[in-house]
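Comments concern the structure below.
The values are calculated or read from the model by the stated rules, or taken from the named source; none is laboratory data. All values reported here derive from a predicted model rather than from experimental measurement. Because the Cβ atoms are built from the backbone with ideal geometry, glycine has one as well, and the counts that use them run over all protein chains shown. The protein model used for the area step is the full one, side chains on, heavy atoms only, and it has no ligands, DNA or RNA in it. Shrake-Rupley method; radii C 1.70, N 1.55, O 1.52, S 1.80 Å.
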Amino acid sequence: LRNQGATCYLNSLIQSLFMTPDFRDAMQQCTVSELPALPQALCRLFSELQTSSYPVSTAAFTSTMRWGSVTRQQDVHEFWTCLCERLESELIDHAMHKLVENLFQGKQRDYVTCRRCGRTSHTEDLFQDLKLVVPQAASAAGASSSSSAASSSTADAGHATHTPACVPCGAPPQQPCVATALRELLKPEDMCGDEQYFCDHCRC
């Protein structure tokens with residue numbers, strides 16, 4: 001992909017989506033002319049990536065996306081959120097209207113256990129991405145305990161109804177990896193001070 005000026009964040013996400021087989025195949029199996037504007041532009045871009053022997057331009061895609069200035073660095077997470085919303089909105093009457101939901105939506109369950117009575121309660125939230133802290137190589141073994149992205153309770157996060165196993169990443173403990181970041185996100189945490197939880201069971 002060619003950089004339009006400051007679109008490296010966009011290019012990295014487009015390449016990730018292109019290298020996600022289920023997403024790429026769904027886009028490429030569609031009749032382009034039947035798609036709304038944004039999915040159509042993405043489908044054409046994927047087709048060019050598949051067949052071109054030269055770097056491909058994202059100009060038509062960004063023009064359809066109407067996503068700010070291409071010469072200003074943007075936040076890739078904000079772009080991802082906006083892209084998901086636009087795709088879901090434009091595909092609402094199409095057979096692929098649940099494409100983003102089926103591929104990327106998961107369910108997270110947070111548990112809170114009262115220290116006084118031992119009762120455990122839980123809440124469930126849907127997510128399309130998990131905000132993981134990637135530790136520095138030197139401190140990856142312990143991971144950052146002060147992470148603001150870590151859940152303030154014991155979290156059980158997974159696609160649909162199952163929990164992903166923390167598969168060893170095969171790297172030395174000092175090397176950061178997704179498995180390490182997931183373990184950091186899911187580890188239990190004490191809720192104290194301003195974060196104390198009111199227990200509806202024992203009223204403490």
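Tell me yes or no: at least one residue of the range 111-118 is in contact (Cβ under 8 Å) with a residue 12 or more places away in the chain, open to solvent by 50 Å² or more (accessible area, probe 1.4 Å), closer than 30 Å to C199 by Cβ and in contact with a Ser or Thr (Cβ under 7 Å, 6 or more places away or on another chain).
Just the residues of the range 111-118 that are in contact (Cβ under 8 Å) with a residue 12 or more places away in the chain, to begin with: 111-114, 116-117.
From what is left, the residues that are open to solvent by 50 Å² or more (accessible area, probe 1.4 Å) are 111, 113, 116-117.
Restricting the remaining residues to those that are closer than 30 Å to C199 by Cβ gives 111, 113, 116-117.
If we keep only those that are in contact with a Ser or Thr (Cβ under 7 Å, 6 or more places away or on another chain) as well, we get 111, 113.
Scanning the range 111-118, I find at least one residue that is in contact (Cβ under 8 Å) with a residue 12 or more places away in the chain, open to solvent by 50 Å² or more (accessible area, probe 1.4 Å), closer than 30 Å to C199 by Cβ and in contact with a Ser or Thr (Cβ under 7 Å, 6 or more places away or on another chain), so the answer is yes.
Could you list all residues from the range 50-78 that are among the aromatic types (F, W, Y) and touching a helix residue (DSSP H, G or I) at 6+ places or on another chain (Cβ under 6 Å)?
Taking the range 50-78 as the starting set, the residues that turn out to be among the aromatic types (F, W, Y) are 54, 61, 67.
Within the range 50-78, just F61 meets the criteria.
Do you know which of the residues in the range 5-40 that are hydroxyl-bearing (S, T, Y) and assigned to a loop (DSSP other than H, G, I, E, B) is least open to solvent (accessible area, probe 1.4 Å)? Lay out the reasoning, then the answer.
Going residue by residue through the range 5-40, those that are hydroxyl-bearing (S, T, Y) are 7, 9, 12, 16, 20, 31, 33.
This time we only want the ones that are assigned to a loop (DSSP other than H, G, I, E, B), so: 7, 20, 31.
Numbers: T7: 1, T20: 44, T31: 74 Å².
Per the criteria, the residue is T7.
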#### Entry: Subset of the range 41-91 (residues that are over 23 Å from the mean Cα position of the chain (by Cα) and among the aromatic types (F, W, Y))
Y54
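So in the range 41-66, with the set limited to residues that are among the charged types (D, E, K, R) and open to solvent by 90 Å² or more (accessible area, probe 1.4 Å), which one is modelled with the lowest pLDDT? Please lay out each step first, then the result.
Filtering the range 41-66 for residues among the charged types (D, E, K, R) gives 44, 48, 66.
Pick out the ones that are also open to solvent by 90 Å² or more (accessible area, probe 1.4 Å) and you get 44, 66.
Values: R44: 93, R66: 87.
Checked the range 41-66; the qualifying residue modelled with the lowest pLDDT is R66.
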### Task
Could you look through the range 83-102, keep only residues that are farther than 15 Å from Q28 by Cβ and out of contact with any helix residue (DSSP H, G or I) (no Cβ under 8 Å at 6 or more places or on another chain), and pick out the one that is most open to solvent (accessible area, probe 1.4 Å)?
D93
